[in-house]
Amino acid sequence: MSKIEISNLTRDYGNGRGIFNVTFSVGEGEAFGFLGPNGAGKTTTIRHLMGFIKPLSGTAAIGGLDCWRDSAKIQASLGYIPGEIAFFDDMTGDGFLRFMAKYRGMDGYGRTEEMLKRFDLNPKGKIKKMSKGMKQKIGIAAAFMHDPKILILDEPTSGLDPLMQSRFIELVAEEKERGKTVLMSSHMFDEVERTCHRIGIIRAGRLVVVDTTDALREKHVRPYTVTLSDEKTAAAFAKDFDGKQNGVRVEVSTKQTLEKIFMDYYGGDQ
């Protein structure tokens with residue numbers, strides 16, 4: 001059952017900018033990676049899902065609700081990390097989290113303390129004096145505090161150091177195991193590879209592929225021919241690398257990393 005459904009979504013800003021006939025879905029309990037460089041259309045797609053932008057054509061729905069008409073109801077129940085987090089800068093971090101709990105009508109602070117401990121964050125102090133990494137952690141805590149069933153994460157590890165990035169990846173993997181539905185926009189191949197079963201790659205506002213990571217690796221196999229000194233060495237090499245021997249030559253195939261697959265679609269050019 002699909003929890004996030006986008007069909008022929010289009011927003012044309014002119015001069016080739018925007019998104020065009022974007023169609024994909026994210027099933028219940030699935031983590032879906034949305035890959036593309038800056039300006040490719042990831043954030044524009046997500047803003048439609050959040051109800052910030054009205055589609056010129058096509059539809060976007062979450063949990064069976066129309067993202068434009070039912071945006072208030074949708075936003076109250078999902079977890080969202082925007083690509084550029086905007087805060088009330090005169091608030092303290094804990095003040096902002098209390099505000100979010102009240103805005104959502106929460107009884108208590110849910111998983112807030114768990115998130116603060118996981119990401120080593122002291123939320124006291126003015127947000128305007130916090131580093132980008134600290135602000136990102138506040139955004140993560142706000143997105144996960146109410147234990148939402150659906151998570152929309154736009155470049156969620158921006159500003160985090162490698163240790164905190166790893167902790168975030170672990171968190172997403174745990175949430176997926178708990179049956180959460182996750183849409184994660186990113187250009188960090190490692191975090192997508194470690195958490196997402198399916199991915200969509202967007203280029204210049206158009207989806208160029210939607211498939212499982214395993215299927216993409218099968219499609220993007222690279223063959224190599226290695227010439228060895230003698231047939232005995234070639235036979236040993238073929239055995240070790242699951243290759244096909246022809247005399248002193250061995251043909252081997254290697255599956256590509258997600259980053260290599262991505263660059264195949266982009267041809268090294270954005």
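The values are calculated or read from the model by the stated rules, or taken from the named source; none is laboratory data. Model, not experiment: these values are computed from the prediction. Neighbour counts are summed over all protein chains in view; Cβ atoms, including those assigned to glycine, are modelled from backbone coordinates with ideal geometry.
A few notes on this one:
- Ala72 modelled with pLDDT of 95 or more, assigned by TED's automatic domain parsing to the domain that holds Thr23 and either assigned to a helix (DSSP H, G or I) or farther than 16 Å from Ala141 by Cα (or both): no
- In this structure, Val209 does not satisfy being in the same structural domain as Met50 (by TED's automatic domain parsing), hydrophobic (A, V, I, L, M, F, W, C), touching a residue at least 24 places away in the same chain (Cβ under 8 Å) and closer than 27 Å to Ser77 by Cβ.
- Residue match in segment 102-123 (condition: buried (at least 20 other Cβ atoms within 10 Å of the Cβ), touching an Asp or Glu at 6+ places or on another chain (Cβ under 6 Å) and at pLDDT 90 or above): yes
- Where Val172 falls short, out of the listed (1) under 28 Å from Asn21 (Cβ atoms); (2) under 13 Å from the mean Cα position of the chain (by Cα); (3) touching a residue at least 40 places away in the same chain (Cβ under 8 Å): (1)
- Taking residues in segment 74-96 that are closer than 14 Å to Gly125 by Cβ, and partners anywhere that are in a loop (DSSP other than H, G, I, E, B) and β-branched (Val, Ile, Thr), not one pair has Cβ atoms closer than 8 Å while being at least 6 places apart or on different chains.
- Each residue in segment 97-113 was checked for being within 13 Å of Ala141 (Cβ to Cβ) and without any contact (Cβ under 8 Å) to a residue 12 or more places away in the chain, and 3 pass.
- Checking Gly133, Gly139, Gly125 one by one, the residue that is of a type in the set (Gly, Ala, Ser) and over 24 Å from the mean Cα position of the chain (by Cα) is Gly125 and no other.
- The set of residues from segment 181-192 being touching a Leu at 6+ places or on another chain (Cβ under 6 Å) and either of a type outside the set (Val, Ile, Thr) or in a helix (DSSP H, G or I) (or both) comprises Met184, Phe189.
- Set Val192, Val226, Val182, Val209: member being in contact with a Lys or Arg (Cβ under 8 Å, 6 or more places away or on another chain), among the aliphatic types (A, V, I, L, M) and closer than 26 Å to Ile19 by Cα: Val182
- Of the criteria (1) under 13 Å from the mean Cα position of the chain (by Cα); (2) touching a residue at least 40 places away in the same chain (Cβ under 8 Å), which one Arg203 fails: (1)
- Hits in segment 155-172 (condition: assigned to a helix (DSSP H, G or I) and closer than 24 Å to Arg47 by Cα): Gln165, Phe168, Ile169, Leu171, Val172
- Top-ranked residue of segment 21-61 - restricted to ones that are in a strand (DSSP E or B) and aromatic (Phe, Trp, Tyr), ranked as surrounded by the most Cβ atoms within 10 Å (Cβ to Cβ): Phe34
- Residues being of a type in the set (Asp, Glu) and assigned to a loop (DSSP other than H, G, I, E, B) - total across segment 105-143: 2
- Hits in segment 32-54 - residues which are more than 15 Å from the chain's Cα centre (by Cα) and modelled with pLDDT of 90 or more: His48, Met50, Gly51, Phe52, Ile53, Lys54
- For the criterion of being exposed (fewer than 12 other Cβ atoms within 10 Å of the Cβ) and modelled with pLDDT of 80 or more, Asp240 passes.
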